[in-house]
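Everything below concerns the one structure shown next.
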């Protein structure tokens with residue numbers, strides 16, 4: 001049995017399982033955090049080396065495949081896990097079960113990695129469940145915190161429901177096509193005509209089931225509550241990691257499994273995409289809590305990425321992957337700044353950010369950079385990725401018959417403009433309005449994690465070529 | 001002299017270095033001002049040095065640099081200037097230097113202010129030099145951020161509203177432009193792939209094949225570009241951000257906003273929209289003409305009605321940028337050259353006007369015209385500058401504004417005949433509101449509505465920039481050829497692409 005394809009996951013699982021034992025022996029939170037960072041870094045090194053070597057696909061038992069696509073996403077998920085762990089060191093140092101906290105983060109990451117490399121609906125589902133179950137526990141990690149417990153309960157109920165729905169969709173799909181392998185499903189759906197209404201029912205179930213995970217409209221209501229109630233580093237983890245995992249699952253099911261019947265779902269998905277970005281942005285405008293605002297902006301960003309499905313070209317997928325990567329840093333970093341500040345007794349209302357530029361100039365600058373990047377202002381990474389993403393819609397609209405796709409680009413840019421309002425408003429609070437004068441300091445570990453995100457946002461913005469090439473390779477491998 | 005060194009890159013990024021140093025200086029106000037002044041002065045000198053090497057006899061791009069940036073998408077870092085670009089570059093470095101000098105009394109968060117001024121200069125210079133659409137768009141958007149902060153932090157009472165309105169309004173326009181750019185890129189892609197082997201965002205590459213774009217496509221894309229650039233110019237009815245932004249912006253911010261940022265819109269038209277999409281331009285002539293006349297008249301009438309001196313000047317900008325558009329709408333070589341000259345002229349004149357609004361605000365404490373009156377004997381130097389500025393702006397012969405307006409009107413008559421009567425009405429109205437305002441503020445009986453006991457004449461750091469500008473206004477008024485010689489070869493190429501010489 002060749003284990004190359006699952007080596008990174010195995011490493012992660014080994015490290016994750018030894019953590020509680022180590023903590024029992026040492027009672028030292030620094031060592032535990034160190035070990036979990038070590039595990040993540042080793043897994044990253046393996047994945048990075050695989051990418052570096054040219055990434056010829058390796059298959060594990062016809063269930064998982066490590067290729068340029070899955071390796072790139074593994075790397076993204078691992079980086080997210082890394083900065084979340086780094087940022088969490090001080091955040092949870094006084095908690096009783098802190099070893100389990102790191103273990104859960106690592107398990108959740110393994111789930112995402114499995115989804116990234118899954119070639120079979122069952123492994124895909126197992127990966128999603130692994131991540132979901134770990135995330136439920138992480139959201140409710142502070143069980144004495146009422147809002148956290150409420151968020152966890154809500155997340156659990158909705159998550160369970162959506163899993164059931166998507167599983168039902170998968171079972172129908174299996175019943176119709178007699179296989180769970182995604183590529184084979186694609187072949188059957190393409191070759192056999194008249195698969196009947198069951199196929200379309202499963203289509204609806206899958207959109208709804210995965211739609212809950214990704215928080216696309218109208219399955220988005222849980223997201224702001226959960227993000228607000230969860231420990232902030234975990235909100236960052238959910239927005240940058242597990243949500244993107246749902247996106248990968250959508251890519252796999254729709255762009256491989258159901259590509260042949262694209263004509264039947266493209267309009268519906270396009271409408272959902274536009275509704276998601278628009279509603280997310282409109283709702284974000286009026287939020288007073290910065291975490292809720294970021295949550296709604298996350299919904300909007302999912303809408304942008306969703307346009308990849310109806311467009312369904314190499315180039316669009318490249319843009320979608322690119323945006324997922326840049327968003328992982330922009331949104332993750334913004335949540336981390338909120339986390340860092342809330343540790344230093346700053347509230348989580350936007351009004352609490354008044355005069356922040358005076359109190360902590362560097363952090364305010366970092367926040368301004370991340371928010372402008374989210375709005376798509378050049379020369380930051382969010383601009384580069386939106387540029388590729390929206391241009392793919394323009395590209396597709398050049399084909400006669402697909403000219404309606406230009407509206408995806410127009411909706412995207414109009415929404416970007418709308419989003420600028422609420423991002424700029426936070427910047428206005430930080431730089432223009434007057435607030436308290438007292439200085440603020442945040443824990444060094446959080447500062448390091450934030451620095452990673454801000455640096456990546458700036459560097460990718462100025463020199464996006466390597467990332468674009470990697471995304472291109474991933475998109476090519478995906479459609480191969 | 002500049003064969004081996006990337007002189008344009010140096011000019012663009014020198015202010016950025018200055019900005020970083022100024023930001024880093026923290027609370028050392030004196031030093032921050034000095035650094036900003038020095039860096040903007042060196043940038044100005046370098047841009048003037050370009051003149052010595054610039055070949056006036058050709059309209060092609062000079063001092064070009066090109067490096068591959070994002071190969072996968074055909075994006076390159078390409079800079080270059082022709083006569084139009086160089087004139088705008090020099091206007092930029094000049095106005096930035098003078099605006100920084102004029103801001104010598106800024107005491108609030110000085111280092112940030114100076115840093116932002118320099119970042120703004122980077123963005124504007126980049127716009128006037130870029131030969132790649134991606135790069136152009138980046139510089140175009142970079143300009144918004146420092147201006148957002150300049151208005152938002154150092155602005156007047158309604159600064160927050162004005163800053164966000166400015167930011168979002170112009171950002172929406174930029175996005176329309178972005179869609180148009182993307183459309184051109186993908187439409188040109190197959191043709192370029194067979195012609196030069198790869199897709200490209202290069203302006204010159206796309207211009208190679210853009211003549212083959214279909215009529216419908218050209219009209220649609222020209223429309224998007226016209227909207228994108230028009231909002232920035234601004235054109236009626238997309239002008240409403242301008243009075244708000246101007247009234248609330250600090251003086252130097254207004255100078256750069258009117259002197260440079262409005263020019264970016266007009267520059268975009270003449271650099272991108274007209275030459276790249278000739279059929280679209282022709283289809284849009286009636287619309288451009290109508291909007292130009294509307295802007296000219298609306299701006300003039302609105303100026304007439306203002307009580308705030310600065311708001312009056314802001315509306316007069318709308319009127320004068322309408323004249324630029326009128327020149328472009330002729331699609332003739334003379335008209336476009338005259339439009340570009342008007343951009344330059346308006347840049348010089350409007351700087352004087354906004355600086356004078358700043359002087360009045362600082363020295364007198366209010367800009368409300370009805371509260372002022374008879375100030376000339378008290379502040380003779382300021383009154384002199386104001387008179388020169390107003391006379392230049394209303395188009396007094398011998399000054400730069402006259403040459404520009406006269407040439408545009410001449411070209412308009414050639415192209416559209418007696419339709420000229422409509423825009424020419426504005427000349428009378430313009431003279432009316434300027435002279436009336438002058439009469440009510442500087443001359444007549446001394447006002448008793450405000451306390452004038454502390455009234456002082458202009459300070460040295462205000463007088464120096466004003467004097468430089470006034471001299472230039474007269475010099476270019478008497479010797480317009482200095483600028484026209486630079487503009488003409490470049491506009492020949494633009495009209496050559498338009499194919500309607």
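Each reported figure results from applying straightforward, stated rules to the coordinates on display, with no laboratory input. Not measured: the values here are computed from a predicted model. Glycine also receives a Cβ, built like all others from the backbone with ideal geometry; neighbour counts cover every protein chain displayed.
A few notes on this one:
- Those residues of segment B:1-23 which are touching a residue at least 60 places away in the same chain (Cβ under 8 Å) and part of a helix (DSSP H, G or I), in sequence order: B:8, B:9, B:11, B:12, B:13, B:15, B:16, B:18, B:19, B:20, B:22, B:23
- Pick from segment B:146-162, criterion touching a residue at least 24 places away in the same chain (Cβ under 8 Å) and facing chain A (nearest Cβ under 7 Å), ranking: surrounded by the fewest Cβ atoms within 10 Å (Cβ to Cβ): B:153
- Sole residue being in contact (Cβ under 8 Å) with a residue 24 or more places away in the chain, under 25 Å from residue A:323 (Cα atoms), out of contact with any strand residue (DSSP E or B) (no Cβ under 9 Å at 6 or more places or on another chain) and buried (at least 24 other Cβ atoms within 10 Å of the Cβ), chosen from A:89, A:115: A:115
- Filter result for residue A:179 (in a loop (DSSP other than H, G, I, E, B) and over 21 Å from residue A:266 (Cβ atoms)): yes
- Residue in segment B:72-89 that is surrounded by fewer than 20 Cβ atoms within 10 Å (Cβ to Cβ) and either part of a helix (DSSP H, G or I) or within 14 Å of another protein chain (Cβ to nearest Cβ) (or both) present: yes
- Failed item in (1) within 11 Å of another protein chain (Cβ to nearest Cβ); (2) touching a residue at least 24 places away in the same chain (Cβ under 8 Å); (3) surrounded by 22 or more Cβ atoms within 10 Å (Cβ to Cβ), with residue A:379 passing the rest: (3)
- Test result for residue A:442, at the interface with chain B (Cβ under 8 Å from one of its Cβ atoms), over 27 Å from residue A:272 (Cβ atoms) and surrounded by 20 or more Cβ atoms within 10 Å (Cβ to Cβ): no
- Within the set A:413, A:458, the sole residue that is within 9 Å of chain B (Cβ to nearest Cβ), within 28 Å of residue A:251 (Cβ to Cβ) and out of contact with any strand residue (DSSP E or B) (no Cβ under 7 Å at 6 or more places or on another chain) turns out to be A:413.
- Residue B:143 vs. criteria facing another protein chain (nearest Cβ under 9 Å) and under 16 Å from residue A:424 (Cβ atoms): no
- Of the residues making up segment B:163-184, those that are more than 7 Å from chain A (Cβ to nearest Cβ), more than 19 Å from the chain's Cα centre (by Cα) and without any contact (Cβ under 8 Å) to a residue 60 or more places away in the chain are B:176, B:180, B:181.
- Every test in (1) surrounded by fewer than 24 Cβ atoms within 10 Å (Cβ to Cβ); (2) more than 19 Å from residue B:137 (Cα to Cα); (3) touching a residue at least 24 places away in the same chain (Cβ under 8 Å) is passed by residue A:321 save one, and that test is (1).
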